[in-house]
Amino acid sequence: MLEIEKWEKDYVYRVMQALLYSFNYMWFLMEDWARENCPEKAGSESFDQLSQDFGAYQAKRLGKTIEAPAEGVEKMIQFVRHSHWCVFEDIELTKLSETELRMRTRNCTAQKAARRWGMPYYDCSRGGHRLRQGFYAHINPAARVTRVYTPPDERPADFPQEVSCEWRITIQDSP
């Protein structure tokens, strides 16, 4: 077991960051392996459900550590700012209204890695959607995630070049 109680805070930070990058790298490799070796399962509902479960689990764990959570869209922003997305990515969060949030990733590290590995893009459309849906729905069950743009979509003409993907999160009114 790590003896983090005995370590300097800066050292704990560096070790935890290295571990997070290692887990992220392994996630990428495992997804790629599943798509190559088990294509019938990699495209299945049960495979996509893993992403949604991970998103919900991450939000659940963050809920135990975030002190005095905000409400509504501010709460969702607060949780994202503590999430894996903000560890690895340049995330732009824009409150569009009391019930709507825009989440953008600029210069995505997964897209850069995919290009380094000879892939034209990293397809985050389905898995990324399910991951975010699980995350936001755990924070607020009325939250719904809509994909605006992700690879492999054709980039909209007026879309900023540095934006790798965009999502809208809306808190739906109860029927």
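Summary table
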| read-out | value |
| --- | --- |
| Hits in segment 140-171 (condition: more than 19 Å from residue 127 (Cα to Cα), within 19 Å of the chain's Cα centre (by Cα) and of a type in the set (Asp, Glu)) | 162 |
| Where residue 104 falls short, out of the listed (1) closer than 19 Å to residue 21 by Cβ; (2) touching a Cys at 6+ places or on another chain (Cβ under 8 Å); (3) modelled with pLDDT of 95 or more | (1) |
| Residues that are in contact (Cβ under 8 Å) with a residue 24 or more places away in the chain, over 16 Å from residue 124 (Cβ atoms) and in contact with a strand residue (DSSP E or B) (Cβ under 7 Å, 6 or more places away or on another chain), drawn from segment 93-111 | 96, 99, 100, 101, 102 |
| Residues located in segment 1-14, provided they are loosely packed, with under 11 Cβ neighbours inside 10 Å and either hydroxyl-bearing (Ser, Thr, Tyr) or assigned to a helix (DSSP H, G or I) (or both) | 5, 6, 9, 10 |
| Residues of segment 114-123 classified as surrounded by fewer than 19 Cβ atoms within 10 Å (Cβ to Cβ) and within 16 Å of the chain's Cα centre (by Cα), total | 1 |
| Residue that is over 21 Å from residue 75 (Cβ atoms), touching a His at 6+ places or on another chain (Cβ under 6 Å) and in contact (Cβ under 8 Å) with a residue 12 or more places away in the chain, where the choices are 126, 147 | 147 |
| Residue that is surrounded by the most Cβ atoms within 10 Å (Cβ to Cβ), among those in segment 124-173 that are among the aliphatic types (A, V, I, L, M) and assigned to a loop (DSSP other than H, G, I, E, B) | 142 |
| Restricting segment 71-102 to residues that are of a type in the set (Asp, Glu) and farther than 14 Å from residue 169 by Cα, the residue that is farthest from the chain's Cα centre (by Cα) | 71 |
| Filter result for residue 142 (under 21 Å from residue 94 (Cα atoms) and without any contact (Cβ under 8 Å) to a residue 60 or more places away in the chain) | yes |
| Residue within segment 15-22 that is in a helix (DSSP H, G or I) and either acidic (Asp, Glu) or within 18 Å of residue 123 (Cβ to Cβ) (or both) present | no |
| Segment 59-90, residues that are buried (at least 17 other Cβ atoms within 10 Å of the Cβ) and in contact with a Ser or Thr (Cβ under 6 Å, 6 or more places away or on another chain) | 89 |
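Quick grid of which residues meet (1) of a type in the set (A, V, I, L, M); (2) within 19 Å of residue 145 (Cβ to Cβ); (3) touching a Lys or Arg at 6+ places or on another chain (Cβ under 9 Å):
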| residue | (1), (2), (3) |
| --- | --- |
| 87 | yes, no, no |
| 92 | no, yes, yes |
| 95 | no, yes, yes |
| 106 | no, yes, no |
| 109 | no, no, no |
| 118 | no, no, no |
| 130 | no, yes, no |
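The values are calculated or read from the model by the stated rules, or taken from the named source; none is laboratory data. All figures in this text were calculated on a predicted structure; none of them were measured in a lab. Quick reminder, even Gly has a Cβ in these numbers, built from the backbone with ideal geometry, and neighbours come from all protein chains shown.
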